[in-house]
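Since the structure comes first, as structure tokens, the remarks are kept for the end.
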Amino acid sequence: MKVSLTDLILVVLWAVFKIARPSETQEDNLFRRTAVKDAIFTKGLLFQDTARSLVGCARKCATFKCCLTFTFNKVNLPRSCRGHSTWNMTLEDNHTHSPGTKLFAIEDKLTPGPLPADCAEAMQRGARCGVRQLRVTPHFNVTAYCDDDWTVFQRRQDGSVDFSRGWEDYKNGFGDPTGEFWLGLEAVHQMTTPPSDRSYELRVDLGDWDGDTAYANYSNFFINSESSNYRLSVVTFQEGNAGDSLGKHSYIPFSTKDADNDIAANESCAIMYGGAWWFLDCHDSHLNGPYWFNSTLPGDGLGVFWFDWKKDLRHSLKFAEMKFRPV
Ligand SMILES: [Ca+2]
């Protein structure tokens, strides 16, 4: 058989093309591909864009620390590329039919070694957002939620977890870090009071029932030890459209329904208002209060509450999240 020069050039070009450009299967194997296809989602949507290739879409997702999954449609032009902040997406979630779309996941690349001490260290070591095991002390690990550098220690979003609990639960933590939870006073105390002179900032994120959001940032955040009843540090309001509803709670110990450390002499704020907080006499904010499923509280401050955002004693919040990171 005689091989012409043209045939030879075509073979060489084909080989170069195959090496330079991985096949669909090879490309798919670069990213963990899920069984979900032909669907796009709104859950945890971070960006909505187009990309020329699967690798391009993956790169776009990888530029966001909290982009964990992405959908890519290479069949229909323009090729849709959408990044999401959540791992678990199923066809049970709110989705739109989109033939040719596939769901991929970005691998977590935490460098080998001991568990990270907090989310900031996890991110430095290549981790991505989400639920993580953290090593608080050599003999004390916790499961927290990392929102980039921020270690999330409190979240309310759907009333699925009961926050009317006693001292031991607030000390040790409860709930589910992917949903509603409280990480635990002891863990936050240990993580924000290291032997070094690191200081931490606190961020509070809030959401209302109309879809509006607000935040407040504080510096000098830490929680003192149990012997001080987990007294809050003297937090300093920095900025945020939620206003300052925590500053007044500076240097106040924590109270639960079975541990009245508030400054209201003849009553227990934790029993009167439910949940547990750094109550004075009683509060400007109460993010661990009872969860209501609309914007109206049944009594002044009697719920998930942050006065300075709405300036309304009966405004009930839909979403609250508290997190810290080293400065
Ligand atoms: Ca009292």
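Does residue 61 meet the test of being at pLDDT 85 or above, within 29 Å of the chain's Cα centre (by Cα), assigned to a helix (DSSP H, G or I) and under 19 Å from residue 99 (Cβ atoms)? No. In a residue-by-residue description of segment 230-237, the property of being in contact with a Pro (Cβ under 9 Å, 6 or more places away or on another chain), surrounded by fewer than 19 Cβ atoms within 10 Å (Cβ to Cβ) and basic (Lys, Arg) applies to no position. For segment 93-116, the criterion of a residue being under 21 Å from residue 287 (Cβ atoms) and touching a Pro at 6+ places or on another chain (Cβ under 9 Å) is satisfied by no position. Screening the candidates 197, 169, 149 for the property of being surrounded by 17 or more Cβ atoms within 10 Å (Cβ to Cβ) and closer than 24 Å to residue 238 by Cβ yields one hit, 149.
Just one of the numbered conditions (1) in contact with a strand residue (DSSP E or B) (Cβ under 9 Å, 6 or more places away or on another chain); (2) modelled with pLDDT of 95 or more is not true of residue 260: (1). Within segment 262-290, take every residue that is among the aliphatic types (A, V, I, L, M) and either without any contact (Cβ under 8 Å) to a residue 40 or more places away in the chain or outside any loop (DSSP other than H, G, I, E, B) (or both) and give me the one that is nearest to the ligand (Cβ to nearest atom). Ranking the qualifying residues of segment 262-290, first place goes to 264.
Confirm whether residue 255 is within 16 Å of the ligand (Cβ to nearest atom), at pLDDT 95 or above, open to solvent by less than 20 Å² (accessible area, probe 1.4 Å) and over 19 Å from residue 181 (Cβ atoms). For residue 255, the condition - within 16 Å of the ligand (Cβ to nearest atom), at pLDDT 95 or above, open to solvent by less than 20 Å² (accessible area, probe 1.4 Å) and over 19 Å from residue 181 (Cβ atoms) - is met. Checking each residue in segment 300-327 for being buried (at least 18 other Cβ atoms within 10 Å of the Cβ) and in a loop (DSSP other than H, G, I, E, B) picks out 301, 302, 303, 304, 316, 317, 318. The test for being in contact with a His (Cβ under 6 Å, 6 or more places away or on another chain), in contact (Cβ under 8 Å) with a residue 24 or more places away in the chain and either near the ligand (Cβ under 9 Å from one of its atoms) or under 21 Å from residue 199 (Cα atoms) (or both) holds for residue 232.
The values are calculated or read from the model by the stated rules, or taken from the named source; none is laboratory data. Note that the structure is a prediction, hence the values are computed from the model and not measured. Heads up, the Cβs are rebuilt from the backbone with ideal geometry, glycines too, and the neighbour counts pull from every protein chain shown. We work out accessible area using only protein heavy atoms, side chains counted, and drop any ligands, DNA or RNA first. Shrake-Rupley method; radii C 1.70, N 1.55, O 1.52, S 1.80 Å.
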